[in-house]
Structure formats: C-alpha cells, structure tokens
Amino acid sequence: MPGVFQFSPDEIADEASRAQDGGLQAILLFGIPKQKDEQASGAYAEDGVIQKAVGAIKKKCPELVVITDVCLCEYMSHGHCGVTRLDGEHFHVLNDESVELLTRTALSHARVGADMVAPSDMMDGRIGAIRDALDTNGFENTGIISYAAKFASVFYGPFRDAAESPPQFGDRRTYQMDPANAEEALREIALDVDEGADIIMIKPALPYLDILYRARERFGKPMAVYHVSGEYAMVKAAAEKGVVDERTAVLELMTSLKRAGADIIVTYWAREIAEWARS
C-alpha cells in the first residue's frame, strides 16, 4: 500500500493535526497492540494503543472528529474478529462472548474522547449492546457507524497484512457476508438500524454499489462506504504502470460512490482528494 504508514501513539497526534490542516474533518483509527492474546485484551485496555491515540489527538485537535474501529481481529492472537472455540479441525466464533468484549472496547474508546465508534466485526446484536452501554454510561452523544454490510472479500488482503491480522486458521466467511447475497445485506442493515446505528457502512465499495444505492433508497439513513485496501492497491499499481492517470481515476471512482448514495467515503486518498479539491 504505497503512501500508507503505521504511526506510534506519540506520532499520531501530529499526523492528525496535519490531516486537519489539509482540510479533513474526520479520521478513522485502527490499532495494532504490542502483544496479542485470545481475549483481545489490548482492545479494551485503559492504556491500549487506541485509547492513548484518541487522548493525544483530542488534546491537540479537539475539533477533529475521531472515529475508532471497534473489532477484535487486530488484538486476537488468531486474527479472527471474535472469541473462537476449536472443535477438532473446525472452529466456531462465539457470538455473545465476542459482543461482550466489543462492548467493553467501544465503551473504553468513548471514555477517552472518541466521537464515534465503528463496529466492523459483523457479530449479531453488537449494535444494540454497544448503544445500551454507551447510553447507560453517559455517552448518549457518541455515535455508532455500523459496518452493517461487510462482505467476505478478496479486496481486504493488503490491509490485513498491514494490520498484522490475517486469520491463523479458517477464514471469515462464517460471519462476513456472501458477496452474492444482496437480500441478506439488506436484512442485516435493517437489524442494525433497529438497534440504533446512526450511520450505515458498506464495505468494500465498488463491487457493492448496488447495495449502497438500495440501502440509501430503502432506509434513508446517512450512508458510508469504505474504499478498501485492495481497491486502492489496484489503482496504485495501474497508475505506476502508466495504465491510468491516478488523479483522474480516483476522482472518477469517488464520484461514482457519491452518485450511488455515499454521504461519507473512507479512503486512503483522503488527503490527496482534499488537496486536489483546493487546486
């Protein structure tokens, strides 16, 4: 992923400040802990990497909207998005146990100043559980961006390597969605809307423009879309080979996402797009 880097907690506030100075209004944080275990304890630790980062960013850039990824995969030693149980050669993700840890993680992010939390795990019932926990603890104004339609996609590959979280066994198809099943995606979105999601996220972007459009028309909720690492890497590779002009290609792609109904676009080109918009 050319142009994309990891930052330590003591560097991230300066990077966030540069992003804000460049015209960005919000950032989305993902964390990589020093150590991983089978309970993802780094995800909800008071001195965790995201908890430190949010505090530092909010101190330096109080007006910048800070959104945090809420998932367990980067913190789990096995790389899955929830607590697992091995049964011989088969494994099971334990939904309720995972939701409990996700809720603890979201609450720990809110306590250090996160403006919004973004559960990306695809466990059932986690939006309602997180909403209840936030409200009960005085964080009624902390928003939830739900990855309500997150598909089992080949286009996540570069990010998983960068985040050091590829599954050590099996895959994520048991809890991420079948790319062929549009109706399931719409049912999942409806459930998350009912549970209290403020914004709906579709991931990946380009292969699922139909889902984005249908969800926007059906639910009338603010819609976000995540233009993921594999999509980014493809355009970068094509541009490096001289097949396409990068700026022209990126602006066309982003226009297609807006046209399909995206209010928010998560993209690795955010800073470049902000610069291009000023030129």
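The values are calculated or read from the model by the stated rules, or taken from the named source; none is laboratory data. Quick caveat: nothing in here was measured; it's all calculated off a predicted structure. Methodologically, a virtual Cβ is constructed for each residue, glycine included, from the backbone with ideal geometry; neighbour enumeration extends over all protein chains shown. These accessible areas exclude ligands, DNA and RNA; they are computed on the full protein's heavy atoms, side chains included. Shrake-Rupley method; radii C 1.70, N 1.55, O 1.52, S 1.80 Å.
Just one of the numbered conditions (1) without any contact (Cβ under 8 Å) to a residue 40 or more places away in the chain; (2) of a type outside the set (K, R); (3) farther than 19 Å from D37 by Cα is not true of A114: (1). Determine if segment 265-273 includes at least one residue that is part of a helix (DSSP H, G or I), more than 30 Å from T103 (Cα to Cα) and of a type in the set (G, A, S). Scanning segment 265-273, I find no residue that is part of a helix (DSSP H, G or I), more than 30 Å from T103 (Cα to Cα) and of a type in the set (G, A, S), so the answer is no.
Scanning segment 228-263 for residues that are in contact with a Pro (Cβ under 7 Å, 6 or more places away or on another chain) and open to solvent by 60 Å² or more (accessible area, probe 1.4 Å) yields one hit, D263.
So that you can scan it fast, the table gives a plain yes or no per residue for (1) over 25 Å from P158 (Cβ atoms); (2) touching a strand residue (DSSP E or B) at 6+ places or on another chain (Cβ under 8 Å); (3) among the small types (G, A, S):
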position	(1), (2), (3)
E15	no, no, no
G23	yes, no, yes
P33	no, no, no
S41	yes, no, yes
L72	no, no, no
G82	no, yes, yes
R85	yes, yes, no
H92	yes, yes, no
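For segment 220-235, check the following and say yes or no: at least one residue is over 23 Å from A19 (Cα atoms), among the β-branched types (V, I, T) and at pLDDT 95 or above. No; the residues of segment 220-235 include none that is over 23 Å from A19 (Cα atoms), among the β-branched types (V, I, T) and at pLDDT 95 or above.
Of all residues in segment 82-97, those satisfying the criterion of being open to solvent by 10 Å² or more (accessible area, probe 1.4 Å) and under 20 Å from the mean Cα position of the chain (by Cα) are V83, V93, N95. In segment 20-43, which residue that is open to solvent by less than 40 Å² (accessible area, probe 1.4 Å) and not aliphatic (A, V, I, L, M) is nearest to E272 (Cα to Cα)? That would be G22.
With a requirement of 3 or more residues that are at pLDDT 95 or above, the helices (runs of 4 or more DSSP H) lying completely within segment 82-190 that satisfy it span 95-111, 126-136. Scanning segment 35-81 for residues that are among the charged types (D, E, K, R) and either in a loop (DSSP other than H, G, I, E, B) or over 17 Å from the mean Cα position of the chain (by Cα) (or both) yields K36, D37, E38, E46, D47, K52, K58, K59, K60, E63, E74. Of all residues in segment 1-30, those satisfying the criterion of being touching a residue at least 40 places away in the same chain (Cβ under 8 Å), assigned to a helix (DSSP H, G or I) and under 20 Å from the mean Cα position of the chain (by Cα) are P9, I12, A13, A16, A19, Q20. The set of residues in segment 235-275 being under 23 Å from the mean Cα position of the chain (by Cα) and over 26 Å from A215 (Cα atoms) consists of V235, K236, R271, E272, A274.
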